[in-house]
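Derivation of every value follows stated rules applied to the coordinates shown; laboratory data play no part. Since the structure is predicted, the reported quantities are computational estimates derived from the model, not experimental observations. Positions of Cβ are generated from backbone atoms using ideal geometry, with glycine treated the same way; all protein chains shown enter the neighbour counts.
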Amino acid sequence: MFVIFLRTAAIFLMIGCGVWLKLRNHIDEDFNRKLSYALVNVFYPALIFSALIRNLVWSELLSYWPLPVGVFILKVVGWLAGNASMPLLRRRSEDTRACFRFMASVNNYSFLPIMIVASMWGEQAVALIAFAGLGAEIFVWTLGLRTLTGGRLDLASLKRLLSRPMIALSAALLVIWLKDVFAVREWVLAPKGAVQQGLNTLLDTCHLFGGATVPVSAVVCGCRMAAIRPHHIWTPLMGWTALLRLVLIPAIAIAILKLLPLTGLPLNVLMVIAVQPVAMVSVTLAELYDKDPPFAAAVVFVTHVACLVTVPLWLNFVL
């Protein structure tokens, strides 16, 4: 467990750098917002594209179908738990209740798990996280968005499935499939030909860009956490939210995941995702739809700090 703690702690040291940079005013809100944009639209898609192509083949992807299904199930478990908790929030505003249900449903399925699995198992595990994220993205922009806004699913919400990370994932799957087709038909590109060299250059560029994902995401996370104050976090609702998201939901989810036809690294990756804190996207969407963003930011802060203890404990138990 100590090794897992150290690897998790290394991530929070990077997050601490983000907190320090924000408190020292080296990074302001505008720059952090632009850094977030670069993270979501450049670095993270590049990581997805390069990690999938470099580490997976088509036959493996076909056998890994339980990964996105498993992640979708994780979100549904959280959604059910959040709805079951509604009687405890009967005196809260509807905005807070909607925000709570969304955060119970959607835990961190990308950046923090990527940091953890990259330090524990390397780039192949990162590729599996990226593929598993398909299930999370489908949930967030369908049932998740409906939970937060209370509205019906429409074309505008479904269009958000065409985010740059999803486009990168789709492009990577297409390339992997084409590689399989070429191999079956024995079509081989000349190793030193212009096409092969161009593809190698593109892949190397994406690999270098993708390498910035972990440190940049840690800095962005730290900058957002620097604005939290004690009066935001010492409340009974905060305690219940953290207990639900970090203890009760993972316990139920882990029991369900063990029923899936997965073993080894793919199952370990799902276990890592299952025990994560509330997703950072909660703050972004709460601000976008005006659903109590201060509460969302405080919950993200508390669950990320608390998971420094809970994640190593869970992983020591399930891995």
> the range 234-319: which trypsin sites (Lys or Arg not before Pro) are DSSP loop and have at most 14 other beta-carbon atoms within 10 angstrom?
Replying inline: K258
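I'd like the Kirkwood hydrodynamic radius of the range 1-130, using the inverse of the mean 1/r over distinct C-alpha pairs, in Å. Please report the intermediate quantities before stating the final value.
Working: mean 1/r = 0.0566 Å⁻¹.
17.7 Å is the Kirkwood radius here.
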> ³J(HN,Hα) across the range 238-254 via Karplus (A = 6.51, B = -1.76, C = 1.60, θ = phi - 60°), whole Hz, x for Gly/Pro?
Replying inline: 5, x, 5, 4, 5, 4, 5, 6, 9, 10, 5, 5, x, 4, 5, 5, 4
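For a 32 Å ceiling on Cα separation, which of these pairs sit above it: K34/K179; K34/K75; K258/K291?
K34/K179; K258/K291
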> If you average 1/r over every pair of different alpha-carbon atoms in the range 178-319 and take one over that average, what Kirkwood value in Å do you get?
Replying inline: 18.7
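From the convex hull of the Cα coordinates of the chain, what is the mean projected area in square nanometres?
Details: hull surface 69.4 nm².
Value for the chain: 17.3 nm².
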>> Under a crude label model (7 Å from the Cα following the beta-carbon direction), how far is A251 from N25 in nanometres?
In response: 4.8
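With n ≥ 4 as the cut-off for DSSP H runs, can you work out [θ] at 222 nm for the chain, using -39500 (n - 2.57) per run divided by the number of residues, rounded to the nearest 500? Kindly include the intermediate steps, with their values, before the conclusion.
Values: 18 runs with 233 residues, N = 319.
Taken over the chain, the calculation gives -23000 deg cm²/dmol.
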>> Counting other beta carbons within 10 Å of each residue's own, what order do V181, V278 fall into, fewest first?
In response: V181, V278
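With a Förster radius of 45 Å, plug the Cβ-Cβ distance of N41 and I233 into 1/(1 + (r/R0)^6) and report the FRET value to the nearest 0.05. Could the numbers behind the result be given before it?
Values: r = 31 Å, r/R0 = 0.68.
The formula returns an efficiency of 0.90 here.
When a/c reaches 1.5 or more, the comparison of a/b and b/c decides; with that in mind, is the range 66-176 rounded, prolate or oblate per its Cα gyration tensor?
Values: a/c = 2.79, a/b = 1.61, b/c = 1.73.
Oblate, because a/c is 1.5 or more while a/b does not exceed b/c.
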> What's the center-to-center distance, using Cα atoms, between the range 213-283 and the range 47-107 in Å?
Replying inline: 10
> What residues qualify as long-range amide H neighbours of N107, i.e. H under 5 Å apart, gap of 5 or more or another chain, H built at 1.01 Å from N?
Replying inline: A279
